[in-house]
1. Working only within segment 37-60, note down all residues that are in a helix (DSSP H, G or I), open to solvent by 10 Å² or more (accessible area, probe 1.4 Å) and not polar (S, T, N, Q).
2. Residues in segment 142-162: is at least one of a type in the set (A, V, I, L, M) and touching a Ser or Thr at 6+ places or on another chain (Cβ under 8 Å)?
3. Somewhere in segment 316-330, is a residue open to solvent by less than 70 Å² (accessible area, probe 1.4 Å), touching a residue at least 12 places away in the same chain (Cβ under 8 Å) and among the basic types (K, R)?
4. What is the residue count in segment 1-36 for residues that are open to solvent by 30 Å² or more (accessible area, probe 1.4 Å) and modelled with pLDDT of 85 or more?
5. I need the full set of residues from segment 75-94 which are without any contact (Cβ under 8 Å) to a residue 12 or more places away in the chain and of a type outside the set (D, E), in order please.
6. Limited to segment 210-227, what total is found for residues that are touching an Asp or Glu at 6+ places or on another chain (Cβ under 8 Å) and part of a loop (DSSP other than H, G, I, E, B)?
7. Given (1) touching a residue at least 60 places away in the same chain (Cβ under 8 Å); (2) buried (at least 22 other Cβ atoms within 10 Å of the Cβ); (3) more than 25 Å from R270 (Cα to Cα), where does K350 come up short, assuming only one miss?
8. Considering only residues that are of a type in the set (S, T, N, Q) and open to solvent by less than 40 Å² (accessible area, probe 1.4 Å), which ones fall in segment 244-281?
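The values are calculated or read from the model by the stated rules, or taken from the named source; none is laboratory data. Quick caveat, the model's predicted, so the values are computed rather than measured. Heads up, the Cβs are rebuilt from the backbone with ideal geometry, glycines too, and the neighbour counts pull from every protein chain shown. Areas reflect the complete protein model, heavy atoms only, side chains present, ligands, DNA and RNA absent. Shrake-Rupley method; radii C 1.70, N 1.55, O 1.52, S 1.80 Å.
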Amino acid sequence: MQFVHENIGTAKDNLKSPIHSWYKFTAGFSYKLIDTLIDSNLLKQDDMIFEPFAGCGTTLVQAQKRQIRAIGNEGQSFMYDVIKAKLNWNFDDSIMQKRLVNIIDFVQKNESTLTTQFINPLLYTLYTSENLAQLYSIKSYIEGIEDEEIYLFFKLALSQTLHKCSINPISTPYISRSKVLQDVKCLDAFYKIATTMLSDLKTYSSLERTSKIYLQDSRNINSEIPSNSCDTCITSPPYLNNLDYGEVSKVQSHFFGITSNWNDITQKVRKNLVTASTTHYAENKFSLEEWKSSEFYQKNNKVAEQLIEYYHQIIDNRNERKGNKSFDIMMLLYFQDMYNVIKEIRRVLKTGGKTFMVLGDSAPYGIFIPTTDILGDIAKNAGFNSYEKIKIRTRGTKWKTLKHRHSLELSENILILE
């Protein structure tokens, strides 16, 4: 199988592609991978793609562009709305243009009436008072839009405006306080973003909607998706690299009132996501003996015993490293969660269906974890017949100059399950 280029596992291509570019997402992969897999697997319009980690909708959007049916799960309510907005293409352009003008007029007349009591303190540190007033004025207007599709369109434009007019970068993947961005006026940015989005839709507005998204944690059974109903699965799970997806989207979730503090992020966001960060659990509540009584351990005994060896090696290195992060626990919980996801993938796939996962290996505290191979072995225990690994690129080399980081070269791969 020929993949396009070494950046196929990154979101770089998406930044310049219509609709894909509507939301910047640090941890993504190229829409060109979807095209490659649709073509190489000869997928037809009546086939169905399953995406258990929909993220910002790359698989679902590209499948819809190709008029292939696709269905997906996303555990974050904010990202769920992003995906729904990216799949709504059948707008009347003249109505949307008039609505945009009305928003601009409303903001110009009402931005000085900002009520500060409902603003999260974090936002005061990221936006000028003028931009903050305009952001909340736009929010006030769009929350009065009764048509959900129109509301979600402008909500997405506003979420991108949060990126454009912030004082510090908020998508890299955490807030970068060491860098100050050029001052951008909120209203100008919003108008430009919404106009570009409407321009993108002119090419695709005549296409049928073929993709659907559910607000669903893929570690659990989605009863809306029948067993043996999907032809292939294309996805990129969270990597085992301590990236906190709840933290990445906190500016947006705080702004839109989904969360207001650390505990909210844990209860409303993190608990619905695969464990891939040390912020997803309470270290003092973990028991290795309890973990060994889990279904995962019982069904994956050989793999689990190897993971326990890694667990102790990480603990040994953890005691000597800066930061003292519980990567040992994170690693065990990650593979346990991914076992449940893989079971759900196997359930929804037809006999003979293939799964394609973009994955990266890991080295917590310098202990190499062959994540791709481990998940391949777990998949065989979950009902798949075999797996194949294709390397995309080498990763992790940029950390070699940092004193407290490991110097191991890691690989990013495509894991193919059959």
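1. Residue satisfying the conditions is D39 alone.
2. no
3. There is at least one residue in segment 316-330 that is open to solvent by less than 70 Å² (accessible area, probe 1.4 Å), touching a residue at least 12 places away in the same chain (Cβ under 8 Å) and among the basic types (K, R).
4. Adding up the residues that qualify gives 9.
5. If the condition is that a residue be without any contact (Cβ under 8 Å) to a residue 12 or more places away in the chain and of a type outside the set (D, E), then S94 is the only one that fits.
6. 6
7. Against the list (1) touching a residue at least 60 places away in the same chain (Cβ under 8 Å); (2) buried (at least 22 other Cβ atoms within 10 Å of the Cβ); (3) more than 25 Å from R270 (Cα to Cα), K350 comes up short only on (2).
8. S249, Q252, S253, T259, T266, T275, S277, T278, T279
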